[in-house]
Amino acid sequence: MKTLTIVNDIAVLCLKAPIFPNDVSTTHNQLHALISDSKNRQFFGISHPNKNGEIIYKAAIEQKIENEAKFFNLEPFTISKGNYAFIDLIDYYKNIPNVEITFKKLIALPNINPNGFCLEWYLTSRDLRCMVKLND
């Protein structure tokens, strides 16, 4: 497990997956189709449990222009700067269940931010960085 410091907040635009985990891939594909210059932006996945313990998942794309959320009818969100614990998964799609296993390891850390979320940072189309925010 490694740590990474995100120096500046990252503004993103989010699209909620109707059903987790079944609709995660479809939701990401919809987001890619909606944003014409998506190849020039960073992609993320943001998840957290709701008050009933169900996982809320949002596909997210880096915001490039102010007020894009309104233009695309997407939810704005800020990935806050700070220290994150992470584990990289190479060729993650070859073993999708490993994503859940990896996040279980990360959320078991004693120093994670209790108000945080699980963050997927898609480094490439094949490689995924699983992250959780640490207490500052």
Residues in region 27-41 that are assigned to a loop (DSSP other than H, G, I, E, B) and surrounded by 14 or more Cβ atoms within 10 Å (Cβ to Cβ) total 2
Somewhere in region 119-135, is a residue small (Gly, Ala, Ser) and not in a helix (DSSP H, G or I)? yes
When restricted to 63, 42, 30, the only residue among the polar types (S, T, N, Q), touching a Lys or Arg at 6+ places or on another chain (Cβ under 9 Å) and in contact (Cβ under 8 Å) with a residue 24 or more places away in the chain is 63
In region 66-77, residue nearest to residue 35 (Cα to Cα) [restricted to those that are without any contact (Cβ under 8 Å) to a residue 60 or more places away in the chain and charged (D, E, K, R)]: 68
Please go through region 5-21 and give me each residue that is loosely packed, with under 14 Cβ neighbours inside 10 Å and aliphatic (A, V, I, L, M), ordered by number. 7, 19
Quick one: would you say residue 109 is surrounded by 13 or more Cβ atoms within 10 Å (Cβ to Cβ) and modelled with pLDDT of 95 or more? no
Taking the stated definitions as given, is residue 24 surrounded by 19 or more Cβ atoms within 10 Å (Cβ to Cβ), farther than 16 Å from residue 130 by Cα, at pLDDT 95 or above and within 16 Å of the chain's Cα centre (by Cα)? no
Check region 78-88 and report whether any residue there is free of Cβ contacts under 8 Å to residues at least 40 places away in the same chain and either exposed (fewer than 12 other Cβ atoms within 10 Å of the Cβ) or not β-branched (Val, Ile, Thr) (or both). no
Exactly one of (1) touching a helix residue (DSSP H, G or I) at 6+ places or on another chain (Cβ under 7 Å); (2) among the charged types (D, E, K, R); (3) under 18 Å from residue 124 (Cβ atoms) is unmet by residue 75. Its number? (3)
Scanning region 51-105 for residues that are more than 27 Å from residue 7 (Cβ to Cβ), under 16 Å from the mean Cα position of the chain (by Cα) and assigned to a loop (DSSP other than H, G, I, E, B) gives 96
Determine whether region 41-54 contains at least one residue that is among the polar types (S, T, N, Q), within 20 Å of residue 9 (Cα to Cα) and either modelled with pLDDT of 95 or more or touching a helix residue (DSSP H, G or I) at 6+ places or on another chain (Cβ under 6 Å) (or both). yes
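The values are calculated or read from the model by the stated rules, or taken from the named source; none is laboratory data. Remember, predicted model here, so these are calculated numbers, not experimental data. So basically every Cβ, Gly included, is an ideal-geometry build from the backbone, and we count neighbours across all protein chains shown.
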